[in-house]
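The values are calculated or read from the model by the stated rules, or taken from the named source; none is laboratory data. Note that the structure is a prediction, hence the values are computed from the model and not measured. FYI the Cβ positions are ideal-geometry reconstructions off the backbone, even for glycines, and counts take in every protein chain you see.
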Amino acid sequence: MKLFDSHCHLDDKLYYRDLGRVLKRANNAGVVCMLTVGVNHKGSSRAVSLAESQTGIFASVGVHPHYARYCGKATIDFLIKLGANPRVKAWGEIGLDFNRMYSPREDQEKWFIRQLQAAAKLQLPVIFHERDSNGRFLEILKNHENTISKGVVHCFSGNPQELERYLNFGLYIGITGILTMTQRGASLRKMVPDIPADRLVVETDAPYLTPAPEKNHTRRNEPDFVKSVLLKLAKVRRQDPEELADIIWDNTCRLYNLEP
């Protein structure tokens with residue numbers, strides 16, 4: 001079974017001491033490729049450095065809505081230059097998060113739109129983050145859908161109406177360890193059988209969102225745990241795991257413009 005963790009954060013400080021062992025465990029579990037995601041200026045730079053130094057690791061660059069208050073033209077210009085690196089395969093994660101409000105709404109919206117324009121300039125697919133935006137995220141997507149070549153809704157946990165809108169926009173749907181969680185994943189498990197197989201990707205969001213059964217003995221998520229997400233997804237969809245893994249591998253390569 002060949003796996004692609006489509007979204008993780010290998011630059012996180014929780015991996016500083018043992019990243020080599022983490023990557024080895026991922027490879028042993030069949031995780032052939034990983035995309036490490038930038039969330040700000042520093043994290044994006046480190047993501048690209050990791051991608052340059054390790055076979056099978058690719059990077060994205062971007063400013064997460066939590067860090068929008070610190071964004072500026074100089075940041076965007078820096079990320080555009082960084083995004084020209086051939087190891088960079090996406091822009092993100094970007095979007096809106098009106099739940100924790102670490103950045104003011106006006107900053108989130110301004111730099112979300114500016115980053116959509118930057119991604120279009122580089123012709124990079126976009127990794128989207130959305131939480132509690134009450135329709136504003138979809139409104140911005142609608143206003144800029146002609147500039148978005150491809151994209152993925154990271155860590156989808158919305159409702160059926162939102163799912164339908166995302167699919168109509170042509171977006172991929174990222175499934176995380178939430179799917180494995182008894183209560184938190186209940187509504188998601190009802191929706192995933194209705195997602196077209198060619199729109200699915202799996203991700204860990206490591207070191208966050210540790211899936212079951214691993215979360216029973218560790219709080220830190222790792223890329224090798226993406227296999228648990230895939231197996232649960234196959235079970236819920238009543239598909240053969242190896243067949244689904246092949247489909248998702250092709251989907252992820254297509255999303256990130258990689259040769260299968």
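A quick yes/no check of all residues on (1) loosely packed, with under 15 Cβ neighbours inside 10 Å; (2) within 19 Å of A206 (Cβ to Cβ); (3) among the hydrophobic types (A, V, I, L, M, F, W, C):
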position: H66; (1), (2), (3): no, yes, no
position: F98; (1), (2), (3): no, no, yes
position: M101; (1), (2), (3): yes, no, yes
position: Q123; (1), (2), (3): yes, no, no
position: H129; (1), (2), (3): no, yes, no
Condition first: in a helix (DSSP H, G or I), β-branched (V, I, T) and in contact with a Pro (Cβ under 8 Å, 6 or more places away or on another chain). Now tell me which residues in the range 23-50 satisfy that.
none
Being over 26 Å from R87 (Cβ atoms) and in contact with a helix residue (DSSP H, G or I) (Cβ under 6 Å, 6 or more places away or on another chain) is the filter here, so list the residues in the range 122-143 that pass it.
E130, L138
Any idea which of Y166, Y172 is in contact with a Lys or Arg (Cβ under 6 Å, 6 or more places away or on another chain) and under 30 Å from T147 (Cα atoms)?
Y172
Being of a type in the set (S, T, Y) and more than 15 Å from M181 (Cα to Cα) is the filter here; which residues of the range 225-252 pass it?
T252
Here the residues within the range 118-139 that are under 18 Å from L171 (Cβ atoms) and among the polar types (S, T, N, Q) are Q123, S133
Under 7 Å by Cβ, and 6 or more places apart or on different chains, what pairs join a residue from the range 220-248 that is without any contact (Cβ under 8 Å) to a residue 12 or more places away in the chain and within 21 Å of K190 (Cα to Cα) with one that is of a type in the set (A, V, I, L, M) and surrounded by 15 or more Cβ atoms within 10 Å (Cβ to Cβ)?
A234/L244; D240/A234
Does at least one position in the range 208-219 carry a residue that is buried (at least 17 other Cβ atoms within 10 Å of the Cβ) and either closer than 30 Å to Q123 by Cα or aliphatic (A, V, I, L, M) (or both)?
yes
Let me spell it out: the conditions are (1) touching an Asp or Glu at 6+ places or on another chain (Cβ under 7 Å); (2) crowded, with 17+ Cβ neighbours inside 10 Å, and M191 meets all of them except one. Which number is the exception?
(1)
Check the range 203-222 and report whether any residue there is modelled with pLDDT of 95 or more, on the phi > 0 side of the Ramachandran plot and hydrophobic (A, V, I, L, M, F, W, C).
yes
Identify, from the list T75, T36, the residue that is crowded, with 21+ Cβ neighbours inside 10 Å and either at pLDDT 95 or above or in contact with a Gly (Cβ under 9 Å, 6 or more places away or on another chain) (or both).
T36
Only one of (1) surrounded by 13 or more Cβ atoms within 10 Å (Cβ to Cβ); (2) modelled with pLDDT under 95; (3) of a type outside the set (G, A, S); (4) farther than 23 Å from V39 by Cα fails for L163. Which number is that?
(2)
Of the numbered conditions (1) exposed (fewer than 15 other Cβ atoms within 10 Å of the Cβ); (2) of a type in the set (G, A, S); (3) part of a strand (DSSP E or B), G20 satisfies every one except a single condition; which is it?
(3)
Unique match (being modelled with pLDDT of 95 or more and farther than 28 Å from C253 by Cα) among E130, E52, E93, E109:
E109
